[in-house]
Amino acid sequence: MAFREIVTKAVIGKGKKQFVDQLSLKTSNSPTTVLGCWVINHSFSGSKIGNRVRIEGSYDINVWYSYDNDTKTEVLKETHPYQETITITGNDPDSSEEEIIVRSLDGPSCMKAEIVADGISCTVEKTLGIELVGDTKVRINVDEETDESWDEIIDSEESIEQAIDQEVTEDYLNTNSEESQEE
């Protein structure tokens, strides 16, 4: 048995984690009711530090609320920056030539928004996943038998020329006209 090694790019480490952010948002008016909360404009990037990936990102949170005894409404808009860390499994911490792919597996969304004494408290959940892509070796078993039978391939142009030479009668017209006269 013989083995060969193939060097290729592959996922050499991965991980995912769910994060929960507790946000305290200050309102300009005293809220009566929270009418809605949504998260938009999520952006992020990652950098490797040892066997961990630090993800830096941000998202905009918008909270629609009523105030003045539910007679007026307002939308509170804030950008929330964050830094998260995910530990990588199955990775060589000394390798530095990897491509880091960060994915939002479950985008940030507001799970709970409630009125507190000085504004609105929001719970935002997100799930982030990372993959490290780098060079790796794959070892395969190679069959080294050399006594394979090979079929001979005849060049198609030569075989066509030979067929033409054998099948074409140069005196075709005369032969056909003689046969016509005999009938």
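Being closer than 12 Å to H80 by Cβ and touching a Lys or Arg at 6+ places or on another chain (Cβ under 7 Å) is the filter here; which residues of segment 20-60 pass it?
D60
Here is a list of conditions, (1) surrounded by fewer than 17 Cβ atoms within 10 Å (Cβ to Cβ); (2) modelled with pLDDT of 90 or more; (3) of a type in the set (G, A, S), and G46 meets all of them except one; can you say which number that is?
For G46, the failing item is (1).
Output the residue which, of all residues in segment 116-139 that are exposed (fewer than 14 other Cβ atoms within 10 Å of the Cβ) and in contact with a Ser or Thr (Cβ under 9 Å, 6 or more places away or on another chain), is nearest to I49 (Cα to Cα). I'd like the intermediate steps shown before the answer.
From segment 116-139, those exposed (fewer than 14 other Cβ atoms within 10 Å of the Cβ) are 116-118, 135, 137-139; that's our starting set.
Keeping just the survivors that are in contact with a Ser or Thr (Cβ under 9 Å, 6 or more places away or on another chain) gives 116, 118, 135, 137-138.
Details: V116: 38, D118: 38, D135: 18, K137: 23, V138: 26 Å.
Per the stated criteria, the residue is D135.
Within segment 21-72, how many residues turn out to be among the basic types (K, R) and farther than 21 Å from V124 by Cα? Can you show your working first?
Within segment 21-72, the first condition is being among the basic types (K, R), and the residues that meet it are 26, 48, 52, 54, 72.
In the following step, the residues that additionally are farther than 21 Å from V124 by Cα were identified as 48, 52, 72.
Selection size over segment 21-72: 3.
Would you confirm, using the coordinates I've provided, whether N51 is in contact with a strand residue (DSSP E or B) (Cβ under 7 Å, 6 or more places away or on another chain), within 30 Å of V133 (Cβ to Cβ) and touching a residue at least 40 places away in the same chain (Cβ under 8 Å)? Explain how you work it out, then say what you get.
On the way: in contact with a strand residue (DSSP E or B) (Cβ under 7 Å, 6 or more places away or on another chain): yes; within 30 Å of V133 (Cβ to Cβ): yes; touching a residue at least 40 places away in the same chain (Cβ under 8 Å): yes.
Yes, satisfied.
In segment 55-72, how many residues are surrounded by 15 or more Cβ atoms within 10 Å (Cβ to Cβ) and farther than 17 Å from E114 by Cβ?
Selection size over segment 55-72: 4.
Specify the residue that is surrounded by the most Cβ atoms within 10 Å (Cβ to Cβ); the eligible residues are those in segment 1-22 that are of a type in the set (A, V, I, L, M, F, W, C) and at pLDDT below 95. I'd like the intermediate steps shown before the answer.
Applying the first criterion (of a type in the set (A, V, I, L, M, F, W, C)) to segment 1-22 yields 1-3, 6-7, 10-12, 19-20.
Keeping just the survivors that are at pLDDT below 95 gives 1-3, 6-7, 10-12.
Details: M1: 6, A2: 8, F3: 8, I6: 9, V7: 8, A10: 11, V11: 14, I12: 17.
Out of the qualifying residues, it is I12.
The values are calculated or read from the model by the stated rules, or taken from the named source; none is laboratory data. The shown structure was predicted, so the numbers you read here are calculated from the model rather than taken from an experiment. Virtual Cβ from ideal backbone geometry, glycine too; neighbours counted across all protein chains shown.
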